[in-house]
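Take a look at the structure set out below.
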Amino acid sequence: MKNANGEGSVYKLKGKRRKPWVVSVTVGYEEGKQKRKVLGTFLTKKEAQIELLAYLDNPMLFSGKTFKDVKDLWYSWYIKNISKTTLKNLNSQLKKLEIFNEIKIKELKLHVLQKFFDEMDCSYGTKSAIKTILNMVFDYAVKNDFVDNNKIRFIELGKNKKVIERKVFTTDEIRVLFNNLDSLNRYVKKISYGILILIYSGMRIGEFLNLKTNDIDLVRNIIHIRESKTNAGVRTIPISKKIIELFSKNINYTQEYFFSNKKGEKYTYMNFVDQFKKMSEFLNLEEHTIHDTRHTFATLLNNADVNGTSIIKLIGHSDFTTTQNIYTHKDDEELRKAVDLLN
């Protein structure tokens, strides 16, 4: 039976063909004549009719939009309400997805996407971030009828095998930091004293950046941690003799936060991390995370045979097992002292 005008048609090609049945639809008019488009060829008439019905039900699924087309539409909508830092990270991750740019989004198969993730040479966190972006793009595609389902939810990332090498700051590295407290390089000078305070106080980076000037008592030489990620983290820390001068020289009572930027505002985590990396490169230090400062603090206490109760209180933990298993390390010098005790 012939379809009504504008509803497309199914017809059979002459000759011996593997897929003789053709689905054709009208996509517009030019000078009064129909412009037709072939959706595909099929083995049987029934398959062709099913394809035509699917098209008539949702023509957008057959619009031929590429992954890039849909991604760009989603991108222009998504970036309206995100920060500059988020945008920078997003653009970095999107570059990894350019491999799919020219493929029609409705033709992106699950096994192709799964293989892409299986062969990615990056961390679990990066894979997870890219999957999240893909999920948002496909959600957008479903809402706008470019695809009829979101297959990203079926992608498997495997187990998160998190292996982190903890590196304490060595005696030599600590000496280098102290030697650069008068550096002409502003960020080297500032971040050096910030890292030294972290090493000799055991504060988390968030606790340090939230530290207010009125929480520092230079008469009794103590720090009050009033904001922390845990209840045990809210604590009082005696200021080590090693860093008393770092507080007295750098505290500005006209500012709310102790570690402030040039405008007198609280330092952001991202700015601190960025300048920490630059400082480490400038001073030729080993590659460290900021969290290594807490490991160094706990290790220095442990090497000095400080009792477990004092360590957990200073670190801000609820039990010594966690502190001992995660935060304390013996450096080469201390290990050598240990073996030299053997007869």
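The values are calculated or read from the model by the stated rules, or taken from the named source; none is laboratory data. Small disclaimer: the values here were computed from a predicted structure and weren't measured. With ideal geometry, Cβ positions are generated from the backbone for all residues, glycine too; neighbour counts draw on all protein chains shown.
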Hey, among Ser192, Ser128, which residue is modelled with pLDDT of 90 or more and touching a helix residue (DSSP H, G or I) at 6+ places or on another chain (Cβ under 8 Å)?
Ser192
With the checklist (1) under 25 Å from Asp172 (Cβ atoms); (2) β-branched (Val, Ile, Thr); (3) touching a helix residue (DSSP H, G or I) at 6+ places or on another chain (Cβ under 8 Å) in hand, flag the one item Ile244 doesn't pass.
(3)
For the range 222-229, check the following and say yes or no: at least one residue is touching a Pro at 6+ places or on another chain (Cβ under 7 Å) and assigned by TED's automatic domain parsing to the domain that holds His288.
yes
Filter the range 149-189 for residues that are in contact with a Ser or Thr (Cβ under 9 Å, 6 or more places away or on another chain) and of a type in the set (Lys, Arg); the one that is modelled with the highest pLDDT is Lys189
State whether the residues of the range 107-116 include one that is in a loop (DSSP other than H, G, I, E, B) and farther than 30 Å from Lys262 by Cα.
yes
Would you point out which residue out of Gly194, Gly202, Gly206, Gly233 is touching a Lys or Arg at 6+ places or on another chain (Cβ under 6 Å) and in contact (Cβ under 8 Å) with a residue 24 or more places away in the chain?
Gly202
What is the one condition in (1) in contact with a strand residue (DSSP E or B) (Cβ under 6 Å, 6 or more places away or on another chain); (2) outside any helix (DSSP H, G or I) that Glu207 does not satisfy?
(2)
For residues that are at pLDDT 75 or above and in contact with a helix residue (DSSP H, G or I) (Cβ under 9 Å, 6 or more places away or on another chain), scanning just the range 52-71, find the one that is nearest to Leu87 (Cα to Cα).
Lys71
Scan the range 268-289 and report the pairs whose first residue is without any contact (Cβ under 8 Å) to a residue 60 or more places away in the chain and under 17 Å from Arg186 (Cβ atoms) and whose second residue is of a type in the set (Lys, Arg) and surrounded by fewer than 17 Cβ atoms within 10 Å (Cβ to Cβ), with Cβ atoms within less than 7 Å and a gap of 6+ or a chain change.
none
Members of the range 14-24 found to be in contact (Cβ under 8 Å) with a residue 24 or more places away in the chain and more than 22 Å from Leu56 (Cα to Cα), listed by number
Arg17, Arg18
Which numbered condition in (1) in contact (Cβ under 8 Å) with a residue 24 or more places away in the chain; (2) in the same structural domain as Asp292 (by TED's automatic domain parsing) is the only one that Asp148 fails?
(2)
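This table checks each residue for (1) assigned to a strand (DSSP E or B); (2) surrounded by fewer than 13 Cβ atoms within 10 Å (Cβ to Cβ); (3) at pLDDT below 85; (4) not assigned by TED's automatic domain parsing to the domain that holds Phe138.
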{"residue": "Lys14", "(1), (2), (3), (4)": "no, yes, no, yes"}
{"residue": "Tyr29", "(1), (2), (3), (4)": "yes, yes, yes, yes"}
{"residue": "Lys35", "(1), (2), (3), (4)": "yes, yes, yes, yes"}
{"residue": "Val38", "(1), (2), (3), (4)": "yes, yes, yes, yes"}
{"residue": "Thr41", "(1), (2), (3), (4)": "yes, no, yes, yes"}
{"residue": "Gln49", "(1), (2), (3), (4)": "no, no, yes, yes"}
{"residue": "Leu73", "(1), (2), (3), (4)": "no, no, no, no"}
{"residue": "Lys80", "(1), (2), (3), (4)": "no, yes, no, no"}
So Leu285 ticks every box in (1) in a loop (DSSP other than H, G, I, E, B); (2) in contact with a Lys or Arg (Cβ under 9 Å, 6 or more places away or on another chain); (3) among the aliphatic types (A, V, I, L, M) but one. Which box is left unticked?
(2)
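How many residues does the range 117-133 hold that are more than 15 Å from the chain's Cα centre (by Cα) and either within 19 Å of Ser92 (Cβ to Cβ) or not in a helix (DSSP H, G or I) (or both)?
Of the residues in the range 117-133, 4 are more than 15 Å from the chain's Cα centre (by Cα) and either within 19 Å of Ser92 (Cβ to Cβ) or not in a helix (DSSP H, G or I) (or both).
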